[in-house]
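Worksheet: one structure, shown below.
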Protein chains: 2
Amino acid sequence: MDIADWRKRIDELDQKLVELLNQRAQCAVEIGRLKRNTNLPVYEPDRERIILENVCRLNRGPLSDADLKRVYERMIDVMRTIQKLDMQPQAKAAGEGTEFDVEVND
Amino acid sequence: MDIADWRKRIDELDQKLVELLNQRAQCAVEIGRLKRNTNLPVYEPDRERIILENVCRLNRGPLSDADLKRVYERMIDVMRTIQKLDMQPQAKAAGEGTEFDVEVND
């Protein structure tokens with residue numbers, strides 16, 4: 001395989017990655033909605049640790065665990081932000097007078 | 001579906017994501033090796049732009065293009081680093097006297 005072949009393979013992988021990243025983001029949004037509508041705690045600090053432990057356990061390389069964690073830290077940060085933005089309008093609509101700044105994670 | 005169900009779904013997606021991220025990393029390593037062994041240019045500045053354009057064109061949400069780019073920028077950065085590290089030992093073994101600091105991307 002030459003460089004063009006490997007890049008074609010990367011483009012094919014990206015097609016799947018974009019789809020899976022969006023499916024993952026949709027899950028985070030749904031979790032945000034459930035957190036808003038129930039009495040379950042919004043912030044669960046252990047969840048991010050568990051996610052990172054899971055992905056490192058699944059990791060077979062060539063990415064090192066540290067590489068994978070760097071990617072996941074960004075991914076979790078982005079998804080936390082969209083979950084927060086999705087929760088924000090209704091929190092404000094419910095008449096909360098204070099800035100919406102609760103911590104959320106998936 | 002309750003929060004536990006959505007988290008189970010996230011864990012299943014993460015299993016596929018870790019596999020795909022590693023396959024993508026392997027492609028980047030292979031491209032690095034080909035670059036080292038051929039006269040093809042090592043640094044092609046347009047490639048990162050093309051990758052980001054591709055993934056934005058594929059994007060159907062709920063992630064925004066900006067969200068997706070943030071994830072991909074980290075991903076590309078990590079893969080560029082492992083490509084560089086993979087190329088480094090042999091470049092040194094070939095007797096190059098200077099610090100290995102060429103720019104590489106996939």
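Any read-out appearing in this document is the output of simple, stated calculations on the displayed coordinates, not a laboratory observation. Computed from a prediction, not measured in an experiment: that's the story for all the values here. As a convention, Cβ positions derive from the backbone with ideal geometry for all residues, glycine included, and neighbour counts pool all protein chains shown.
Listed values for segment A:20-31 are Karplus-derived 3J(HN,Hα) couplings in whole Hz (6.51 cos²θ - 1.76 cosθ + 1.60, θ = phi - 60°), namely 5, 4, 5, 5, 5, 5, 4, 4, 5, 5, 4, 5, and x replaces Gly and Pro. Taken residue by residue and averaged, Cβ atoms of other chains lying within 10 Å of the Cβ of B:23-36 number 5. Once C-alpha pairs closer than 8 Å and six or more residues apart are averaged by separation and normalised to the residue number of segment B:3-93, the relative contact order reads 39 percent. For the listed peptides A:54-66, B:61-73, a ranking on the average number of other beta carbons within 10 Å per residue, highest first, reads B:61-73, A:54-66. Residue by residue, segment A:62-70 carries 3J(HN,Hα) couplings of x, 5, 6, 4, 5, 4, 4, 4, 4 Hz when phi is fed to the Karplus relation 6.51 cos²θ - 1.76 cosθ + 1.60 (θ = phi - 60°); x denotes Gly or Pro. At q = 0.19 Å⁻¹, what is the log10 ratio I(q)/I(0) for segment A:3-93, with the Debye formula run over Cα points and no solvent? Those come out to -1.01, one per q.
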